[in-house]
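A quick write-up on the structure given underneath.
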Amino acid sequence: MSKKTITLTDNQTGEKYDFPILEGTTGPDVIDIRKLYNKTGMFTYDPGFTSTASCESKITYIDGNKGTLLHYGYTIQDLTENCSYMEVCYLLLNGELPNKSELEEFVKYFTNHTMVHDQMNLFFRGFRRDAHPMAILIGSVGALSAFYHQDIDVFDPEQRKKSAMRIFSKIPTLAAMAYKYSIGQPFVYPRNDLNYAENFLHMMFSVPTEEYKVNPVVASALDKVFILHADHEQNASTSTVRTSASSEANPFACISSGIASLWGPAHGGANEAVLSMLKEIKTTSNINRYIKKAKDKSDPFRLMGFGHRVYKNTDPRASVLKKSAHDVLEILGKKDDPLFKLALELEEIALNDEYFIRRKLFPNVDFYSGIILSAIGLPTSMFTVLFAVGRTVGWVSQWVEMMESPELKIARPRQLFKGKYDKKVKPIDKR
Ligand code: ACO
């Protein structure tokens, strides 16, 4: 326990209050204000949690000023260059990279849980065909709780592990089913002989009438996209999962709430928004007009795929994806893709613009992911779904870590009340 403290002085009464300072292994220290209300009768005020650490975690570390992203100590560049998505998933769920036999066992466990209950097929048919696949995913992941109610004791470590693996293994199947349903094609069952990304492509694009051959370049690019989305510490959707789980709710319902949070355009919905924006800008000659709109405070338009709450230097995921986008488009013979060219030029212009430089606004993970996903044939409506598929392992890892923590407490923020408080009800004919 750190001996460092900080003293808060009440300027009106002159009273002094000491608070402990807690130190992480790296990153900023935090002021432990758990006793603040007891000692002072005051709360802190921090909408959007810009200065608040909501939990202790060992999983992911981000240094936004240096553009660093680590999972259990490994840099994201090292992981994307040298590991498969399944190895990274094992790392997030177990705290260390697997050896060969551990990986084989993990993959076997995963493949044995990729199928969903046959009753889920009927559940899907309740959705309109034109429903957004994120809406279907939120509903179907939440519905899984109805299939495994015998195994959702959140305080039983065995049942916790089972639930975590079930959600992680079934999410690609549900995501592909959401897509197949929206285009009116039959659901495709998962295949145990394919790796994670290959199997996902198979479930998305194969049809019963002919053989589907997975393009290894596409599968490898998708594997990287999944790695880059696997976890990102206490972002909005992960915090939503933790908040839901703090009431000891079942994990399927908690992950479903995380998917709902991810859907918003300020979070995971941004990759879809980037593509819509590029299509709206249309040609490079329109870029300056849109940059002007982005800088105009009276205009709600923002440059989608730019800016990040934490990264104020560079988003390391965006750098990996930019290179990956180059490689994929080259190999697929689409390097003259007009949207990619437009994105490159837009990035160049924004990065040299005083407004973006001063505010430290850089391309984030969503800026290039949409271009890759579109090049490999995924419809725009599936972009955020892909993000959810990749992020599920992060959500379940954070959920397990939280449920194992001795500090587990229901999340219950307070507020600064600005409403009226002294009203009396008048009889209805006098209001
Ligand atoms: N375009 C134009 N201006 C921007 C943008 C943008 N994309 N992002 C931030 N700004 C400006 C703000 O207007 C503000 O300007 P001001 O200081 O003059 O008022 C300043 O930069 C700081 O922005 P905030 O909104 O305070 O930053 P915050 O940390 O709250 O927001 C966010 C981060 C939501 C990501 C924001 O940058 C944004 O909306 N970006 C576009 C959406 C996007 O790409 N989201 C994906 C994020 S990554 C992810 O979730 C996976």
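Rule-based calculations on the coordinates, nothing more; no lab input. This is a predicted model, so every value here is computed, not measured. In this analysis, Cβ positions are derived from the backbone assuming ideal geometry, glycine residues included, and neighbour counts consider all displayed protein chains.
Once you place label points 7 Å from the Cα toward the Cβ at residue 335 and residue 194, how far apart are they in nm?
2.8
Magnitude of the Cβ-charge dipole of the chain, K/R +1 and D/E -1, about the Cα centre, nearest 20 debye?
2060
To make sure I understand, if each residue's beta carbon is the centre and we count other beta carbons within 10 Å, what order do 284, 50, 209, 68 fall in, fewest to most?
Ranking 284, 50, 209, 68 by Cβ neighbours within 10 Å, fewest first, gives 209, 50, 284, 68.
In whole percent, what relative contact order does the chain give with Cα contacts below 8 Å and a gap of six or more residues?
Computed value for the chain: 19 percent relative contact order.
Let me know the charge dipole size of the range 167-248 about its Cα centre in debye, to the nearest 20, where only the beta-carbon of Lys, Arg (+1) and Asp, Glu (-1) is charged.
140
With the Cα gyration tensor of the range 163-288 giving a ≥ b ≥ c as the square roots of its eigenvalues, does the rule (a/c under 1.5 for rounded; else a/b larger than b/c for prolate; else oblate) give rounded, prolate or oblate? Walk me through the numbers on the way to the answer.
Values: a/c = 1.88, a/b = 1.04, b/c = 1.81.
Oblate shape, in that a/c is at least 1.5 and b/c is the bigger or equal ratio.
In Å, what is the Rg of the alpha-carbon atoms in the range 18-87, and how long is Dmax?
16.5, 52
Please list 3J(HN,Hα) in residue order for the range 372-382, calculated via the Karplus relation 6.51 cos²θ - 1.76 cosθ + 1.60 where θ = phi - 60°; whole Hz, with x for glycine and proline.
So the Karplus estimates, Gly and Pro as x, are 5, 4, 5, 5, 8, x, 8, x, 3, 5, 8 Hz.
Got a sec? Charge dipole of the range 310-431, +1 on Cβ for Lys and Arg, -1 for Asp and Glu; which of 343, 371, 390 is way out at the positive end?
Looking along the dipole axis, the top candidate is 390.
How do 410, 59 line up, fewest other C-beta atoms within 10 Å first?
Fewest-to-most ranking of 410, 59: 410, 59.
When 412, 359, 317 are ordered from fewest to most other Cβ atoms inside 10 Å of their Cβ, what list results?
Ordered from fewest to most neighbouring Cβ atoms within 10 Å, 412, 359, 317 come out as 412, 359, 317.
What is the angle, in °, between the Cα long axis of helix 316-331 and the longest principal axis of the Cα atoms in the chain? Nearest 10 is fine, range 0 to 90.
10
When the chain is modelled as a GNM with alpha-carbon springs shorter than 10 Å, which of 253, 176, 143 fluctuates the most?
Among 253, 176, 143, the largest mean-square fluctuation in the Gaussian network model of the chain belongs to 143.
Once the convex hull of the alpha carbons of the range 259-391 is built, what does its volume come to per residue, in cubic angstrom?
Output value, Cα hull per residue: 108 Å³.
Sketch the reach of a paramagnetic label on residue 56 as a point 7 Å from Cα along Cα-to-Cβ, and name the residues of the range 396-411 whose backbone nitrogen lies under 20 Å away.
Label zone hits: 397-411.
Using each residue's phi in the range 83-88, evaluate 6.51 cos²θ - 1.76 cosθ + 1.60 at θ = phi - 60° and report the 3J(HN,Hα) Karplus result to the nearest Hz, with x for Gly and Pro.
Once rounded to whole Hz, the list reads 10, 8, 4, 5, 5, 5.
Rank 283, 25, 75 by mean-square fluctuation in a GNM of the chain with C-alpha springs under 10 angstrom and give only the top-ranked residue.
Of the options given, 25 has the highest mean-square fluctuation.
Between 0 and 90 degrees, rounded to the nearest ten: what's the tilt of helix 251-262 against the longest Cα principal axis of the chain?
90
If each residue of separation counts as 0.36 nm, what is the full-extension length gain between residue 5 and residue 39 once their alpha-carbon separation is subtracted?
Value of the extension gain: 10.8 nm.
Under a GNM of the chain (C-alpha, springs under 10 Å), which listed residue has the highest mean-square fluctuation: 16, 312, 409?
For the chain, modelled as a Gaussian network with Cα springs under 10 Å, the answer is 16.
Looking at this model, which pairs from 180/323; 180/224; 100/180 are more than 32 angstrom apart at the alpha-carbon?
Pairs exceeding 32 Å: 100/180.
Quick one: Karplus J couplings for the range 43-50, per residue in order, coefficients 6.51, -1.76, 1.60, θ = phi - 60°, nearest Hz, x for Gly and Pro?
Result, rounded to whole Hz: 9, 9, 10, 8, x, x, 6, 5.
Dipole size in debye (nearest 20) for the range 124-191 around its Cα centre, Lys and Arg Cβ +1, Asp and Glu Cβ -1?
320
Counting C-alpha atoms alone, how compact is the chain: give Rg to one decimal and Dmax as a whole number, in angstrom.
23.6, 80
Pairing the Cα long axis of helix 100-111 with the longest principal axis of the chain, what angle in degrees results, from 0 to 90 and rounded to the nearest 10?
90
Rank 109, 148, 244 by how far each Cα sits towards the positive end of the charge dipole of the chain (+1 on Lys, Arg Cβ; -1 on Asp, Glu Cβ) and give me just the farthest.
Value: 244.
Report the label-to-label distance for residue 30 and residue 207 in nanometres (one decimal), using points 7 Å from each Cα along the Cα→Cβ vector.
Placing both labels 7 Å beyond Cα along the Cβ direction yields 5.2 nm.
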